[in-house]
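Note sheet for the following structure.
Please treat every number below as a calculation from the coordinates, not as lab data. These figures come from a predicted structure and were not determined experimentally. Because the Cβ atoms are built from the backbone with ideal geometry, glycine has one as well, and the counts that use them run over all protein chains shown.
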Amino acid sequence: MARKPSGKKSGSTPSADPMARILTAAMQEIAAVGWAHLSMEAVAKRAKMKLGEVLIHVPTTAHLLARFADHIDKVALSSVENVDASQSVKDRLFDLLMRRFDALQAHRAGVVALMNAVMREPGEGAMLLARLSRSMSATLSAAGISPHGLKGMAQIMGLKAVYLSALRAWKNDESADMAKTMAALDKGLGVAEQAANVSLGGLMKRRGKSEKKET
């Protein structure tokens, strides 16, 4: 289980970037009042920005969810220059997904409050799950796996399941080093890797039988 340093954590210092200020303020507001009572006016006040300026970037709370998902993708993927061939696929995925948890950890109280609320909001939950497929597809590509066709769909769904399982562990993991989260993620990726190898082995076995019949 290898992990590279992720560098400076998102949200650790004030930012001049308007979107970063808005997202930080929004997560703080969600932690304080909950998702159901969130208003863009309150976010603007907390961010010390004009309401109109905030609305230009984030018109509604629904847009806020999408922008936050974009932010997590950016933190996890923006530093990837190329596929690190010195690492196994499992280690590459582990590193990329832990970068996502680093980004979430910077806004932990707000994200946990949001997760609790989304469980009771099927529409917003469905939207986030659909958006997560895009994130997992990009993660696979960054790890050197191109998810195409039916096999690609299965890979995306598999990685999504691994990530969501680790996300549940992260929600209950209050340790500074996220040890339980890393353990859950490592276990999930290991199971997925084993399943992929078994599936590949079965495919090769079937091909071998087919070739013998032809001869």
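What pairs can you find where one residue is in the stretch 91-107 and without any contact (Cβ under 8 Å) to a residue 60 or more places away in the chain and in a helix (DSSP H, G or I), the other is buried (at least 22 other Cβ atoms within 10 Å of the Cβ) and not hydrophobic (A, V, I, L, M, F, W, C), and their Cβ atoms are less than 7 Å apart, with a gap of 6+ or different chains? Taking only residues 6 or more apart or on different chains, the pairs are Leu96/Thr139. Scanning the stretch 117-131 for residues that are in contact (Cβ under 8 Å) with a residue 60 or more places away in the chain and part of a helix (DSSP H, G or I) gives Ala117, Val118, Glu124, Met127, Leu128, Arg131. Residues being assigned to a helix (DSSP H, G or I), within 25 Å of the chain's Cα centre (by Cα) and surrounded by fewer than 18 Cβ atoms within 10 Å (Cβ to Cβ): count how many of those fall in the stretch 39-54. Residues flagged as assigned to a helix (DSSP H, G or I), within 25 Å of the chain's Cα centre (by Cα) and surrounded by fewer than 18 Cβ atoms within 10 Å (Cβ to Cβ) within the stretch 39-54 amount to 0. Summed over the stretch 159-183, residues that are over 16 Å from Val112 (Cβ atoms) and touching a helix residue (DSSP H, G or I) at 6+ places or on another chain (Cβ under 7 Å) total 6.
Every residue in the stretch 132-153 that is assigned to a helix (DSSP H, G or I), surrounded by fewer than 17 Cβ atoms within 10 Å (Cβ to Cβ) and either of a type in the set (Lys, Arg) or touching a Lys or Arg at 6+ places or on another chain (Cβ under 7 Å) (or both), please. Matches in the stretch 132-153: Ser133, Arg134, Lys151. Quick one: in the stretch 14-42, of everything that is touching a Lys or Arg at 6+ places or on another chain (Cβ under 7 Å) and among the hydrophobic types (A, V, I, L, M, F, W, C), which residue is nearest to Ile56 (Cα to Cα)? Checking each candidate, the answer is Met19.
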